[in-house]
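Below is one structure, written out as structure tokens; comments come after it.
The values are calculated or read from the model by the stated rules, or taken from the named source; none is laboratory data. Computed from a predicted model, the values in this text were never measured in an experiment. For neighbour counting, all protein chains shown are included, and Cβ atoms are generated from backbone atoms with ideal geometry for every residue, glycine included.
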Amino acid sequence: MKVLAISGSPRKQGNTETLMARMTEILEQRGGEVELVRLNDFPLQGCQACKYCRTKGDACVLDDPISELLTKLKQADRIIIGAPNYMGTVSAQLKILLDRMFSLKDSSRTPRLAPGKKAVLIFSQGNANQEAYADYYGSVQKIIESNNIEVNDTIIACGVEAPGAVAEKIEIMEQAEQAAASL
Ligand SMILES: Cc1cc2nc3c(=O)[nH]c(=O)nc-3n(C[C@H](O)[C@H](O)[C@H](O)COP(=O)(O)O)c2cc1C
């Protein structure tokens, strides 16, 4: 089982990655082959709106690490995508990947990813109100699901500011453990 964990946080030991690390630890114990990708390590180039992927080729025209990551998505069985909330939305690092996922559909908007992939989404926010950004997180989930990726669970770490503060939130950590176990 190939597990691709994609972090949209620039903080290596931040809240997104603390939850992700707990999940990948469990998945590794179950024999999963885990790869962690930090979007912040990439030179981040957004979608160029050239429509090459929809009209001429079957993949993004850009030759860069995001295109490589999109290929890895095709090979992954289980996917974890996480990001901090910045200004009410996901971090720019993850937003660029979401835009570039445009290339994962063909000219008739049929997903290029084979069905059968399962995912967990992780969102981390300073706001203690779990519902504060629920609509926005729901729209991110729709983007992921429209690409043939079934979202099993969405974990929202609320009221966490300092890097790794989520480790003290036993309920959220347990939620991540359960999400990993059922992935
Ligand atoms: C530039 C910036 C913008 C932020 N905007 C919000 C926001 O609009 N709402 C919120 O609840 N938290 C906001 N936060 C707080 C982060 O979402 C929070 O600290 C989160 O736990 C960081 O996740 P990480 O540790 O994985 O990087 C912001 C943080 C930064 C650095």
Among residues belonging to segment 42-65 that are assigned to a loop (DSSP other than H, G, I, E, B) and among the polar types (S, T, N, Q), point out the one that is surrounded by the most Cβ atoms within 10 Å (Cβ to Cβ). 45
Has segment 117-137 got any residue that is out of contact with any Ser or Thr (no Cβ under 7 Å at 6 or more places or on another chain), surrounded by fewer than 16 Cβ atoms within 10 Å (Cβ to Cβ) and aromatic (Phe, Trp, Tyr)? no
Does segment 106-114 contain any residue that is within 13 Å of the ligand (Cβ to nearest atom), in a loop (DSSP other than H, G, I, E, B) and touching a helix residue (DSSP H, G or I) at 6+ places or on another chain (Cβ under 7 Å)? no
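When the residues of segment 34-88 are narrowed to those that are within 16 Å of the ligand (Cβ to nearest atom) and farther than 13 Å from residue 6 by Cα, which ends up modelled with the lowest pLDDT?
44
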Yes/no for residue 16 being buried (at least 19 other Cβ atoms within 10 Å of the Cβ) and in a helix (DSSP H, G or I): yes
Those residues that are in contact (Cβ under 8 Å) with a residue 40 or more places away in the chain, surrounded by fewer than 18 Cβ atoms within 10 Å (Cβ to Cβ) and not in a helix (DSSP H, G or I), I need them from segment 156-183; list them, please. 163, 164
With 135, 153 as the choices, which residue is without any contact (Cβ under 8 Å) to a residue 40 or more places away in the chain, away from the ligand (no atom under 11 Å from the Cβ) and assigned to a helix (DSSP H, G or I)? 135
